[in-house]
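Coordinate-derived values only; no laboratory data. Just so it is clear, the model here is predicted, and its values are computed rather than measured. Reconstructed Cβ throughout: ideal geometry from the backbone, glycine too, with neighbour counts over all protein chains shown.
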Amino acid sequence: MSQPLADKFRPTSFDFFVGQEHILGFDGIENNIHSMLLYGPSGCGKTTLANIIGKQEGNCFIQLSAVSDGIKEFKEVVKIAEVNKNLKKQTILFIDEIHRFNKAQQDALLPHIESGLIFFIGATTENPSFSINQALLSRLQVYKLKKLNQQNLQNILNRVIDSLNIKLSNKLKEKLILIADGDARRLLNIIERIQSFVDLDEEIIIQKLGENIADFDKNGDIFYQQLSAFHKSVRGSSPDGALYWFSRMINAGCDSKVIARRLLAIASEDIGNADPRALQICLTAWDVFHRVGEKEGNRALAQAVVYCAISPKSNAVYLAFNEAKKIAEQTKNMCVPNHLCNATTQIMKNEGVGNGYRYDHNEKNAFSLGQTYFPDELGEQILYQPNERGLEIKINEKLKKLRSKK
């Protein structure tokens, strides 16, 4: 089996390493060995960088993959590191896809990093704030690597095709760089495919290569960033931006139900009672999606997206609920006032449980003037404060009248 180009042309020194200038150079990452985490998109050089750093100056460099290796393999590394320590030799452990290790596996690294038995280099495409234990993260210097730019990819492409003696037009080179989208590994894989039909017409080659692979990972940081952009576009009353990010995600294979769930969250968090219809429209769109399928269903979701984007906005319910939860936690031991209790037995009635409660439907305008609804020690609170947008204008007017009578 021939060696993949991504391995064959992997740089073994900084002389041939491309990109990431912001962490290299004077006083850069390469000038002193320390435990670190390399975080960035696929094909930006994380594994290559770890190999170059780890293999400097005769270090013992060991590479594991969190996909296929676990505690058993790590224990073997520790044994090797202990032998190396006696030989005055430094052990550097590189674990790719470190985010795939569970908490217990990540915790196993801690004492050996802490003691200096090993220097650890981890690589991940996931946001370390969410995928790496804080205990481990606090012991690592985090470096965020960037997606390679077009010039970076141009340099890699020229080096590889010159070495392989492949002739490509500038138009085809530009197409390859566009498809690679900042990913050196993807670029090399594309070149590998081209070798099998390089004598074909360039238009046919472009067709065979297919369209640009969308930059999307339903479990990764890119997913959450696009979902965030979608949410913020709706919240910011931009139907155009919202439709764009909605389309970006579904074109890339995002499950439309993820969008439907987020729309429901937006309808309650960002629109609320300024337009209560938004919640019903989102539910209806989700129901349509289930009834008619993805193609027509996505149109219904798009309609809900636009409606939510142009709806009046209010987070008054969201803020009130958060404040209510906070107060409820702080006062969880306060008793229910007697007049709000329910006397479910004759004994409780004889004890006067529930006495003093006024049934609102028996009161003028179905409103029991002066009745209280919070624990006695806490006193009455104002949590829900509607704004001056949409239906909440009317709600605010009514609440002002009711509260003024308390």
What lysines sit close enough to Lys394 to cross-link, taking a C-alpha to C-alpha distance under 16 Å and skipping anything fewer than 8 places away on the same chain? Lys313
The helix 184-194 Cα axis meets the longest alpha-carbon principal axis of the chain at an angle in degrees, between 0 and 90 and rounded to 10, of 60
Rounded to the nearest 10 degrees, the helix 170-180 long axis (Cα) sits at an angle to the longest Cα principal axis of the chain of 50
Compare Val336, Val258, Val77 in a GNM of the chain, Cα atoms joined below 10 Å, and give the one with the largest fluctuation. Val336
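Okay, helix-only estimate at 222 nm for the chain: each DSSP H run of n ≥ 4 adds -39500 (n - 2.57), divide by all residues, round to 500 deg cm²/dmol; what do you get? Present the calculation step by step, with values, prior to reporting the outcome.
Values: 19 runs with 198 residues, N = 406.
About -14500 deg cm²/dmol.
Could you work out the local net charge near Ile118, counting Lys and Arg as +1, Asp and Glu as -1, over the other residues with Cβ closer than 11 Å to its Cβ?
Working: positive: Lys85; negative: Glu82, Glu114.
Once positives and negatives cancel, what remains is -1.
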Excluding residues fewer than 8 places away in the same chain, name every one of the lysines whose C-alpha is closer than 16 Å to that of Lys364. Lys398, Lys401, Lys405, Lys406
Connecting C-alpha atoms closer than 10 Å in a GNM of the chain, tell me which of Gly19, Gly253, Gly352 has the biggest fluctuation. Gly352
Relative to the longest principal axis of the chain, what angle (0 to 90°, nearest 10) does the C-alpha long axis of helix 221-235 take? 40
In a Debye calculation with equal point scatterers on the alpha-carbon sites of the stretch 323-404 and no solvent, what is log10 I(q)/I(0) at q = 0.11, 0.22 Å⁻¹? -0.43, -1.15
Straight-line reach from Lys171: which lysines have Cα under 20 Å away, leaving out those fewer than 8 places along the same chain? Lys208
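In what order do Phe120, Phe9 fall by count of nearby beta-carbon atoms within 10 Å, going from fewest to most? Don't jump to the answer; show the numbers that get you there.
Values: Phe120 22, Phe9 18.
Starting with the residue having the fewest Cβ neighbours, the order is Phe9, Phe120.
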Quick check: net charge around Leu391, other residues with Cβ under 13 Å of its Cβ, Lys/Arg +1 and Asp/Glu -1? +1
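So how many Å³ per residue does the convex hull of the Cα atoms of the chain work out to? Please report the intermediate quantities before stating the final value.
Numbers: hull volume 105.6 nm³, N = 406.
Once divided by residue count, the hull of the chain is 260 Å³.
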Let me confirm the definition first: pairs of Lys residues in the stretch 20-144, 8 or more apart or on different chains, C-alpha distance under 28 Å. How many are there? 29
The long-range amide H neighbours of Phe94, using H built 1.01 Å from N in the peptide plane and a cut-off of under 5 Å, are Ile62, Gln63, Leu64, Ile121
How do Met249, Met348, Met36 line up, fewest other C-beta atoms within 10 Å first? Met348, Met36, Met249
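For the stretch 20-144, state the average projected area of the convex hull of the C-alpha atoms over all orientations, rounded to one decimal in nm². Show your work: numbers first, answer last.
Details: hull surface 29.1 nm².
Over every viewing direction, the Cα hull of the stretch 20-144 projects on average to 7.3 nm².
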